[in-house]
Amino acid sequence: MTMTNTIDYVTIATAGDATDFGDLLETNHGVAGCSNDTRGVFSGGHAGGDGGCDRIQYVTIDTTANAVDFGDLTRARRSVTAASDGTKGVTGGGSYDASSSMYRLDTMDYFTFSSLGNATDFGDLTRLVGFAQACSGD
């Protein structure tokens, strides 16, 4: 699997190719993303080796630039899913690899877009899930 740290963006109002926005803090894959009008937030991921990453990082939507550290998830994981309501971002599920056996998680965390800091426990999913998808709307 190819890992990258590239962040691209598209302008939804016009069709066209993606443009470089900046870079994530490290090269990885399996990162979850969600946003509000101000910040795009990326959480979790897999940078190689066993396990996953507990990092939360963000970009400011109006300014193309590299990601900046936001805080940490409650546990390291990759293949996370995320959604937001514009105020909070919620991550769910994911997986980690211990001794070459893949484990799925039911963990849900949340963070508040307006303040930097670590995620807080939000509850549990109804089952263990990795590689899930999510969506949200206003």
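Once Rh for region 86-136 is found with the Kirkwood sum over Cα pairs, what is the Stokes-Einstein diffusion coefficient at 25 °C and 0.890 mPa s, in µm²/s?
Value of D from the Cα-based Kirkwood radius: 204 µm²/s.
Given +1 on the Cβ of Lys and Arg, -1 on the Cβ of Asp and Glu, and no further charges, what dipole in debye does the chain carry about its Cα centre, rounded to the nearest 20?
Computed about the Cα centre, the dipole is about 340 debye.
Averaging over all projection directions, find the projected area of the Cα convex hull of region 4-129 and quote it in nm² with one decimal place. Present the calculation step by step, with values, prior to reporting the outcome.
On the way: hull surface 32.0 nm².
Projected over every direction and averaged, the Cα hull of region 4-129 covers 8.0 nm².
Mind giving me the FRET efficiency for Thr2 and Cys135? R0 is 22 Å, r the Cβ-Cβ distance, nearest 0.05 is fine. Let's see the in-between values first.
Working: r = 25 Å, r/R0 = 1.14.
Calculated value: 0.30.
Kindly rank 14-20, 30-36 from highest to lowest mean number of other beta carbons found within 10 Å of each residue.
Working: 14-20: 8.1, 30-36: 21.3.
Sorting 14-20, 30-36 by mean packing, highest first, produces 30-36, 14-20.
Once Lys and Arg get +1 and Asp and Glu get -1 on their Cβ, which of Val41, Asn66, Thr120 lies farthest toward the positive end of the dipole of the chain?
Checked the options; the winner is Thr120.
With 10 angstrom as the radius, rank Leu73, Leu25 by how many other C-beta atoms surround their C-beta, starting from the fewest.
On the way: Leu73 23, Leu25 16.
Least crowded to most crowded, the residues run Leu25, Leu73.
Ranked by Cβ crowding within 10 angstrom, fewest neighbours first, how are Leu128, Leu24 ordered?
Least crowded to most crowded, the residues run Leu128, Leu24.
Values in this text are rule-based calculations from the coordinates and carry no lab data. None of the values given here were measured: they were computed from a predicted structure. So basically every Cβ, Gly included, is an ideal-geometry build from the backbone, and we count neighbours across all protein chains shown.
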